[in-house]
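Structure record follows, encoded as structure tokens.
Each reported figure results from applying straightforward, stated rules to the coordinates on display, with no laboratory input. The shown structure was predicted, so the numbers you read here are calculated from the model rather than taken from an experiment. When we count neighbours, we look across all protein chains shown, and the Cβ atoms used for this are built from the backbone with ideal geometry, even at glycine.
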Amino acid sequence: MKCYRKGSRAERELIDYFSSRDFCVIRAAGSGVNSLSPDILVFRRGIQIGIEAKAWEKDNLNIDREQFLNLKKWEETSGINCVIGWRRNREPWYLIPLAVFKENAKSYAINWVNAQALGKKLEEI
């Protein structure tokens with residue numbers, strides 16, 4: 001249950017950030033349960049992003065293969081860019097495109113150094 005609370009708290013943090021900057025924000029129903037769509041959708045004229053939120057302290061972030069492929073399919077079907085939002089304690093959020101994750105046997109992964117180099121901070125959106 002602790003992971004669920006941590007995840008929903010991270011989602012609310014992103015929702016508050018984007019809504020306070022005049023974005024329209026939608027939190028997906030069943031977020032964190034079915035992994036068929038991103039956790040949060042943000043919209044503003046000319047900007048559409050699906051965000052899968054991850055609050056993870058380790059140096060590597062691994063996204064389960066099935067969840068990752070569902071996000072890729074969702075991105076292709078909707079035409080809306082999907083990113084992984086990753087935050088560690090006392091660190092900024094990074095929005096990381098799916099294309100930069102590396103495939104391995106059971107998941108798709110990125111390390112924190114590459115996330116910082118290849119992702120965008122929230123204020124860059």
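Tabulated data
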item: Derived scalar couplings ³J(HN,Hα) [the range 70-81; Karplus, 6.51 cos²θ - 1.76 cosθ + 1.60; whole Hz; x for Gly, Pro]; result: 5, 5, 4, 5, 4, 4, 5, 6, 7, x, 9, 4
item: Cα-based reach from LYS102 at 15 Å (exclusive), listing aspartates and glutamates while leaving out same-chain residues under 8 positions away; result: ASP59, ASP64, GLU66
item: Unit charges on C-beta of K, R, D, E only; dipole of the range 33-119, Debye; result: 180 debye
item: Packing-based exposure ordering (other Cβ within 10 Å, fewest first) of ILE15, ILE51; result: ILE15, ILE51
item: Among (1) 15.4, 46; (2) 13.3, 37; (3) 13.4, 40, the entry derived from the coordinates for Rg and Dmax of the Cα atoms in Å; result: (3)
item: Under Karplus coefficients 6.51, -1.76 and 1.60, residue-wise ³J(HN,Hα) of the range 49-56 in Hz, glycine/proline x; result: 9, x, 10, 9, 8, 9, 10, 9
item: Neighbour-count ranking [beta-carbon atoms within 10 angstrom, fewest first] of GLU75, GLU13; result: GLU13, GLU75
item: Relative contact order of the chain, pairs being alpha-carbon contacts under 8 Å that are 6 or more residues apart, as %; result: 20 percent
item: Residue-averaged [θ]222 nm for the chain, counting only DSSP H segments that reach four residues, each worth -39500 (n - 2.57); result: -10000 deg cm²/dmol
